[in-house]
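All remarks here apply to the structure that follows.
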Amino acid sequence: MTTVKGQLLQMLQTVAQSLGDDLRERLVFVGGCTTALFITDEIVLEGVRATDDVDLIVDLVGHAQWAQLQDQLRQKGFVESPEDEIICRMRLGELKVDFMPDDESILGFSNRWYAKGIETAVTCPLNETLNIKRLTPELFVATKLEAYLGRGNGDLLGSRDIEDILLVVDGREELVTEIQNADDDVRSYIAEKFKALLTHEDFDHSLEGNIKGPEGRVDIVRERFVAICNAAEREGNGDQLAQ
């Protein structure tokens, strides 16, 4: 496999096979390595970015469960490397693999959507014999938005999280409907953050830099952004986020 999609799928398969059945059922694959799994447009799929790590999230409570998971991972061939400063990172051969608990107290950071993402995760076949758990499309977008807000410093043009979001909005026509039909908290959150992105001074430049394909494609993506922004007004606009 020489395409970026092929490389990403191979990375996912390598990690999934090493996890074994039990851990594969518990852990949910997230992040840029899964972007290609959400894209249904073959042309857009060609523009998926490469990444050098695989991210997974897991439902854990407290440091004891985290230590237990680390022991299980070591038995599966995952090891810590002194080269890595990222506290959630392990290595599987040359692969960097980040394991992130949904309990913020364990590592001092998390993502507000990890718990819901784990709860609503769906099964995704990588090949005829190997399945993994991944986020729903709307939770992928929500986690990416939260990640951008936490580490992006408002830099749309340099954000890989925004790049991934744009690719999925472009390459998954059904995403608008999926977000419209999402739970109120998810739908309202995405709509609110998309509105802010639309008014960002660099949004048009970000669109033009990331959206490939025939003329008019940028306009289609912008229209989808507007439709998603309006999703919160369609129903439940009286609901307020608990957070």
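The values are calculated or read from the model by the stated rules, or taken from the named source; none is laboratory data. Given the structure is predicted, the values throughout are model-derived calculations rather than measurements. Counting neighbours? That spans all protein chains shown, and the Cβs are built from the backbone with ideal geometry, glycine included.
The listed residues are LEU167, LEU197, and the only one of them that is in contact (Cβ under 8 Å) with a residue 60 or more places away in the chain, within 19 Å of the chain's Cα centre (by Cα), part of a helix (DSSP H, G or I) and not assigned by TED's automatic domain parsing to the domain that holds GLN17 turns out to be LEU167.
Let's see how each residue does on (1) charged (D, E, K, R); (2) more than 30 Å from PRO214 (Cα to Cα); (3) out of contact with any helix residue (DSSP H, G or I) (no Cβ under 7 Å at 6 or more places or on another chain); (4) without any contact (Cβ under 8 Å) to a residue 40 or more places away in the chain:
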position: ALA64; (1), (2), (3), (4): no, yes, yes, yes
position: MET90; (1), (2), (3), (4): no, yes, no, yes
position: ASP102; (1), (2), (3), (4): yes, yes, no, no
position: ARG172; (1), (2), (3), (4): yes, no, no, no
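Among the residues of segment 125-148, is any touching a residue at least 60 places away in the same chain (Cβ under 8 Å), touching a Gly at 6+ places or on another chain (Cβ under 7 Å) and outside any loop (DSSP other than H, G, I, E, B)? The answer is yes; a qualifying residue exists. For segment 62-80, the set of residues classified as of a type in the set (S, T, N, Q) and either in contact with an Asp or Glu (Cβ under 9 Å, 6 or more places away or on another chain) or surrounded by 13 or more Cβ atoms within 10 Å (Cβ to Cβ) (or both) consists of GLN65, GLN70, GLN72, listed by residue number. With respect to the conditions (1) surrounded by 19 or more Cβ atoms within 10 Å (Cβ to Cβ); (2) closer than 21 Å to ASP41 by Cβ; (3) out of contact with any Gly (no Cβ under 9 Å at 6 or more places or on another chain), VAL186 falls short on a single one, namely (2).
Annotation for segment 127-139: at least one member residue is over 30 Å from CYS229 (Cα atoms), hydroxyl-bearing (Ser, Thr, Tyr) and assigned by TED's automatic domain parsing to the domain that holds LEU27. Restrict the check to segment 68-76 and report whether at least one residue is at pLDDT 95 or above, in contact with a helix residue (DSSP H, G or I) (Cβ under 8 Å, 6 or more places away or on another chain), more than 30 Å from HIS205 (Cβ to Cβ) and in a strand (DSSP E or B). Within segment 68-76 (the criterion being at pLDDT 95 or above, in contact with a helix residue (DSSP H, G or I) (Cβ under 8 Å, 6 or more places away or on another chain), more than 30 Å from HIS205 (Cβ to Cβ) and in a strand (DSSP E or B)), the answer is no, since none of the residues qualifies.
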